[in-house]
1. Once you keep just the Cα pairs under 8 angstrom separated by 6 or more residues, what percentage relative contact order results for the stretch 19-61?
2. Check Val84: other-chain or 5+ apart residues with amide H under 5 Å from its amide H, H built from backbone geometry?
3. Compute the separation of the alpha-carbon centres of the stretch 91-145 and the stretch 190-234 and state it in Å as a whole number.
4. Sort the stretch 1-68 into rounded, prolate or oblate with this rule: let a ≥ b ≥ c be the square roots of the eigenvalues of the Cα gyration tensor; rounded if a/c is under 1.5, and if a/c is not under 1.5, prolate when a/b is larger than b/c, oblate otherwise.
5. Using the Karplus equation 6.51 cos²θ - 1.76 cosθ + 1.60 (θ = phi - 60°), what ³J(HN,Hα) coupling, rounded to whole Hz, does each residue of the stretch 116-132 give in order, writing x for Gly and Pro?
6. Can you tally the net charge around Glu88? Count Lys and Arg as +1, Asp and Glu as -1, for every other residue whose Cβ sits under 11 Å from the Cβ of Glu88.
7. Would you mind ranking Thr131, Thr303 by Cβ crowding within 10 Å, fewest neighbours first?
8. Give the separation of the Cα centroids, the stretch 1-66 to the stretch 283-328, in Å.
Amino acid sequence: MRDFPKVELHLHLEGAAPPAFIRGLAREKNMDISGVFDEHGNYAFKDFWHFLKVYEAATSTLQTAEDYHRLTLAVLEESAAHGVIYTESFLSPDFCGGRDVGAWREYLHAIRDAADQAEKSHGIIMRGVVTCIRHFGPEKAKETALCAAETAGDWLTGFGIAGDETAGKPKDFAYSFDMAREAGLRLTAHAGEWGGPQSVRDALNDLGVERIGHGVRVAEDPALVEELAEKEVVLEVCPGSNVALGVYPNWRAHPIGMLFDKGVKVTVSTDDPPFFHTTMTDEYDRLSDTFDWDDGVFKTLNTIAANAAFCDEKTRANVLERLEKTDD
Ligand SMILES: [Zn+2]
């Protein structure tokens, strides 16, 4: 499935950092991040909360706009090598300049410059979605939303929330989402990964998002599954991430197949691929093995993703045209 053209909507930029890249940065800066890796040099953690800690330790090596320029190039090169033609990446002003609007502009400029470079050399299109971090609390989220609102435009096109889903309630963050919406940003929220179906209802009702990051636990509530299908809410599903973190014990137990069969608009992404020892190619291979999905199904999923992408219509038409050329 490596060359199959893919659209990815849920990728955390720092979470996609190749381990060798992070090790290289740590070496250059004389930083000790030995607890981050296992004996094979892969990211290592015990559970989701430990994962957040390891993630923050790895991310601590990314300190300048130039670091993010290099990171973006490394990540997009890897995505393009797995057939990704369009990617939406979650960006964190919390990590990029400590939520200071001026510093954030510099980081964003560097990321965007690298994205332009990658588009020229690899043909991959990237758009940015700012995410606030839920366990940092609503006050910091407001500062993050301000960074997003001040830089909203044709490239920085969305706003969302990530982090520990069990911290606080979606409505605590409504102010930030209102600010982002008024700035013209499209909205998504992580929900229904660690929280149950109600967390998805809350994100939809209290934050007014049009997409849900993960959202897979709606599978526990047949009425909600039906409602999502009817309302055409798009789920950014990351099966490999869910299995790696133990949300589901194995691929067979993952509800993406059932959700697709029930008419829910599902899409496929990798979340934080090297942390979960996955790639877009691996995701497609596993889905094809587990659910017997053929190229036609993957083409449908990619068309759903392209139509749900937070980009302008010209870019969307371009992506859809490239998907259309896929043989099936
Ligand atoms: Zn995520």
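Quick note: the coordinates plus some simple rules give every number you see, no bench work behind them. Since the model is a prediction, treat every value here as computed from it, not as a measurement. Neighbour counts run over all protein chains shown; Cβ positions are idealised from the backbone, glycine included.
1. Computed over the stretch 19-61, the figure is 42 percent.
2. Lys6
3. The distance from the Cα centre of the stretch 91-145 to that of the stretch 190-234 comes to 25 Å.
4. Taking the square roots of the gyration eigenvalues as a ≥ b ≥ c, the stretch 1-68 is prolate.
5. 4, 4, 5, 5, 5, 8, 10, x, 7, 9, 10, 10, x, 10, 6, 10, 8
6. Net charge in that neighbourhood comes out at +1.
7. So the ranking, lowest neighbour count to highest, is Thr303, Thr131.
8. Their Cα centres are 27 Å away from one another.
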